[in-house]
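These notes concern the structure reproduced below.
What follows draws every value from the coordinates through simple rules; no lab data is involved. None of the values given here were measured: they were computed from a predicted structure. No Cβ is skipped: glycine too gets one built from the backbone with ideal geometry, and neighbour counts run over all protein chains shown.
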Amino acid sequence: MLDIASNWNAADRTMPLALAGSIVSAPRTILNEYEGTVEALRSLALDTVKNRQLSRNDRIYIMQSILAFQEDPLWGRVLDHLVDGEFPASCPNRRNHLYLVVGEHGIFVASGDWAREPGVAKTEIKPLEADTLTGVGNWLYSVSIQSDDLELSNWIRYLFGASKCPECGKPFDLQDAIAEIDEE
């Protein structure tokens, strides 16, 4: 993957870098003796994400790959859900499955299949202010801003925000609810 991606221009590297990121982030991947290759992939992905010609979706895939190469156990595996705008999550009380919608379809939490059942219970998501984002959230926000994608940077603020379960009303942070279901 490294050889392929290295020989392509930045706008065309998404597929090999995303595939490499998926391999690296897979739960049972053993990377002994490949640290140098992973670091070279990370460096190439960091260079690629700076390309302003990338589409929003390609930028999301590249950001996820970078996080995978940095061994982020959550966002290196699930950030690509931002492409279709829906993250699976669990209610903090473990009573039900939730849909966290952040993107082109809106910004809300639903207790059921919101696309097929428009009347399903929903709650709003409160975004974090940009200056309160830390760690991965701050990095994703910064990359989005540097790419002049203000809509994506806004979605990142919501993705790291908070809401309440539409069924039981218990408050939760979106990142925790996503992490909880990813560990199942």
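Can you name the strands (runs of 3 or more DSSP E) wholly within region 82-184 that have at least 2 residues being of a type outside the set (D, E, K, R), surrounded by 14 or more Cβ atoms within 10 Å (Cβ to Cβ) and free of Cβ contacts under 8 Å to residues at least 24 places away in the same chain? Show your work before the answer.
Details: elements: 86-90, 97-103, 106-110, 162-164, 171-173.
Ranges flagged: 97-103.
Could you check, for region 84-106, whether at least one of its residues is more than 12 Å from the chain's Cα centre (by Cα) and of a type in the set (Asp, Glu)? Yes - at least one qualifying residue is present in region 84-106.
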